[in-house]
Structure formats: structure tokens, C-alpha cells
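Structure first, commentary second.
The values are calculated or read from the model by the stated rules, or taken from the named source; none is laboratory data. This one's a predicted model, so the numbers in the text were calculated from it and none came from an experiment. With ideal geometry, Cβ positions are generated from the backbone for all residues, glycine too; neighbour counts draw on all protein chains shown.
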Amino acid sequence: MNDCIKDRETYILKQDENGTITVRDLQLEVLSIMDEIHRVCEKNNIKYALIAGSALGIVNYKGFIPWDDDIDICIKREDYSKFIEALKKDLDKNFYFQCFETDKRYNVLIPNMKIRKRNTYIEERNFLLKNRCKSGDGIFVDVVVYDNMSENKFIDELYRSSIKLLMPIMVFLDNLHIPTTPLKKLVEKIALRYTNKNKNSKLASQTIAIPWEKFLKEPVFLKEDVYPFKLYEFEGRKFYSYNNIEKILKQWYGDNCLKKWDGKKWVETLPINKRKPKHTVDINLKGESSYKK
């Protein structure tokens, strides 16, 4: 039955002598981080947008995809520094954030920032790029910068290639615990130069400083489809996402990504064998882990 959707409480992330943690348990914790991000952004007149699978959840479920175990948001490049300052000033003490701008141990090849919840722990399915920040491994929301993209594919690939060449060196040294701050600064410099050179472009997407998705042919969007961000229903509250959300989702995931009406009900189009959480290796909702990097 391709239209079968399990209850969110039945997607199990961890089960041991201390009990069971489900995807829904994690989602509620992540939602508390998202509520705080929304509050800080509204207070400081900063716009953000739920992206990727989080945006797909808006359209298909008006909330989380039942098996989704994270939230991803984007911030426009011109708002990013302001966002950092707003978090320093207004973020509630129950949360903290990590980014290269405030901690040089942060790896710039993963999302630009992680906003985490204190007294929780999560280990991601990412064996190449471990979190090196000493502030913690709490449950998080990923924040990526959206930059201007070149309309010339040759120029785009020229800039991206320089980062792709740096990637294996940075990953190798990082896993040997050898500081890579100069290389991180170079990656950030390349990305910033790229977006500034293309400020008049009609295109936008995730910063080229995070090149992983590009290997999977991440699409580049028309700015008029991305901006201005609009409010949508998500888990009983209102969060921002893309201006033309359905068009962008089809461009990103294909025409078949949205649920279909079969004449009687809405049917999920993703095959059952792909309906599973994909980011979480280990988790603790009631305290930090004893895990040491």
C-alpha cells in the first residue's frame, strides 16, 4: 500500500532500558527551537524560510513530514550578520548557537549555523564532519545562508570547483584534529565574493560554501519564487517559507513530490521504503551525553 502512512509515534529513533524515543518526541523538541527562532526573528525584523523537506512538510502535512527528524531554514546573506547579533542579544538561555563567526572550530562545510537546545543530545549520521564545537551537541535546527547565484553556469562551476578542491583537504585534516582555520576563512571568502559579484542576478540558492547538495544537483531558483518569504501553517503556528512554495518544491524534488488526490483521499507519493528518519544515530532528550569528541 503506497498510500500507507505510519503514525509519527511509531517511527522509533532509540529504544533501550531507559525507554523509547520516537520521531514525534524529537519533532516536538525541534519545534521548541523553531518557536524561539521565530520569536527572535520577529522581534528583530529578520525574515527566514523553512526549506527543503521542512517546506515539503508545509504543503503536504501543514507541519512535519511524519518521518522527518529535522528542520532546515535559510537566512538571506544580507540578514545573516544581523541574525547573529540578534541571537547573541535575544536568544533564550535554554538555547545556544554555533557558527564559524563565533567559534573557529565550527566546520564551514556543514550548514552555516546550528541553533541547539540545552540539556539534550543528538549524534548525526555524518561520519566525515563531526561537530568540533565544545559548547555541545544538543538537538538543533540547521541554518543555511541563501546567496545570489550566477546566471552563467561556467562561472558558477568555476567558483564551486575551488571549494570542491579544498573539501577533501579540510575533511582529512579535520578528522586528524589538525586546525583548518585558514582554509575555512578561504572558503568563506570565496562564497562571499561570489554572492557579491552576482548581486544583480535573478537567481538564488544555498551558499556555495556548502557544496554537498550541489553534487546531487541541487536546483537554483528564481529570486521571484524565493522572495519575499510568506507565512504558512506549520504544526498549528505560522512559519515563513518560499514565496512560490509549490513551484520550488517541484523544481527541487520533482513533479511527483506533492501528495495526490485519488478521488477519495490525499495519497503520499514517496515509496514506503523511503519513509524513514535519516539523520539521527543517537539521541537523549533529558540531558547531555557522556560522549566526548
Residue that is nearest to Ala204 (Cα to Cα) [pool: residues in the range 220-245 that are touching an Asp or Glu at 6+ places or on another chain (Cβ under 9 Å), buried (at least 16 other Cβ atoms within 10 Å of the Cβ) and touching a residue at least 40 places away in the same chain (Cβ under 8 Å)]: Val220
Pair list, Cβ under 6 Å, 6 or more apart: the range 71-99 residue farther than 14 Å from Ala49 by Cβ, other residue among the acidic types (Asp, Glu) and modelled with pLDDT of 95 or more: Ile84/Glu101; Asp92/Glu36; Phe95/Glu36
Selection count, the range 110-157, where residues are among the charged types (D, E, K, R) and either free of Cβ contacts under 8 Å to residues at least 60 places away in the same chain or farther than 21 Å from Leu13 by Cα (or both): 9
Matching residues, the range 7-32, being outside any helix (DSSP H, G or I) and not β-branched (Val, Ile, Thr): Asp7, Tyr11, Leu13, Lys14, Gln15, Asp16, Glu17, Asn18, Gly19
Matching entry among Asp103, Asp70, Asp92, Asp79 (being among the charged types (D, E, K, R), assigned to a loop (DSSP other than H, G, I, E, B) and crowded, with 18+ Cβ neighbours inside 10 Å): Asp70
Answer residue from the range 123-148, given it is touching a Leu at 6+ places or on another chain (Cβ under 8 Å) and modelled with pLDDT of 95 or more and is farthest from Ile283 (Cα to Cα) among those: Asn148
Residue match in the range 33-47 (condition: on the phi > 0 side of the Ramachandran plot and in a loop (DSSP other than H, G, I, E, B)): yes
Among residues of the range 99-150, those that are over 16 Å from Glu288 (Cα atoms) and not charged (D, E, K, R), counted: 23
Residues located in the range 246-292, provided they are assigned to a helix (DSSP H, G or I) and either closer than 23 Å to Arg116 by Cα or in contact (Cβ under 8 Å) with a residue 40 or more places away in the chain (or both): Glu246, Ile248, Leu249, Trp252, Tyr253, Ile272
